[in-house]
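These notes are about the structure you will find just below.
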Amino acid sequence: VVAADRGVATLRVESPGRAELTLCKRAGTDTARVGEEIDFTIYMINSGDRPLTGIVLADALPERLTFVPGSAASNLPAEFGTETGDDGSVVLTWRLTAPLPAGGEGFVRFRTLVR
């Protein structure tokens with residue numbers, strides 16, 4: 001299930017046994033000019049009835065955005081990294097190092113610069 005609305009995109013992944021992960025990405029602003037910064041937050045909710053393990057969040061930045069080093073954060077234990085995508089984009093990844101319990105939620109956030 002995917003939904004999008006002014007600065008917010010939501011993705012929900014479901015599988016048998018009520019494993020359900022909902023992701024919602026929110027931009028700090030709807031508009032930005034060259035040289036301005038934009039904050040992004042990705043919220044995650046385990047609305048299923050069992051813990052989820054092995055969660056890796058990945059977000060590829062479009063060419064017009066540059067990641068601001070040191071701005072990545074998470075309220076859950078996670079390993080953060082960057083890599084180069086097949087198309088040359090910068091891909092930000094958070095590997096959760098602990099299960100997300102049933103009913104659990106968390107977020108990651110980062111800042112970009114518009115170029």
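The values are calculated or read from the model by the stated rules, or taken from the named source; none is laboratory data. Because the structure is predicted, anything quoted here is derived from the model rather than measured. Here Cβ is always computed from backbone atoms with ideal geometry, including for glycine, and neighbour counts include all displayed protein chains. Ligands, DNA and RNA are stripped out before the accessible areas are found, and what is left, the full protein with its side chains, is counted by its heavy atoms. Shrake-Rupley method; radii C 1.70, N 1.55, O 1.52, S 1.80 Å.
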Task: Tally of residues being farther than 24 Å from residue 19 by Cα, touching a residue at least 40 places away in the same chain (Cβ under 8 Å) and under 13 Å from the mean Cα position of the chain (by Cα) across the range 48-82 - done: 1
TODO: Test each condition in (1) in contact with a Lys or Arg (Cβ under 7 Å, 6 or more places away or on another chain); (2) outside any strand (DSSP E or B) for residue 103 and report the one that comes out false.
DONE: (1)
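Do we find that residue 45 is in contact (Cβ under 8 Å) with a residue 60 or more places away in the chain, closer than 14 Å to residue 107 by Cβ and surrounded by 17 or more Cβ atoms within 10 Å (Cβ to Cβ) in this structure?
Numbers: in contact (Cβ under 8 Å) with a residue 60 or more places away in the chain: yes; closer than 14 Å to residue 107 by Cβ: yes; surrounded by 17 or more Cβ atoms within 10 Å (Cβ to Cβ): yes.
Here the answer is yes, as residue 45 does meet what is asked.
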TODO: Find the residue count for the range 87-115, including only residues that are farther than 17 Å from residue 63 by Cβ and β-branched (Val, Ile, Thr).
DONE: 3
TODO: Look through the range 59-75, keep the residues that are open to solvent by less than 40 Å² (accessible area, probe 1.4 Å) and not in a strand (DSSP E or B), and return whichever of them is farthest from residue 45 (Cα to Cα).
DONE: 68
TODO: Filter the range 77-98 down to residues that are open to solvent by less than 40 Å² (accessible area, probe 1.4 Å) and part of a loop (DSSP other than H, G, I, E, B), then give me how many there are.
DONE: 2
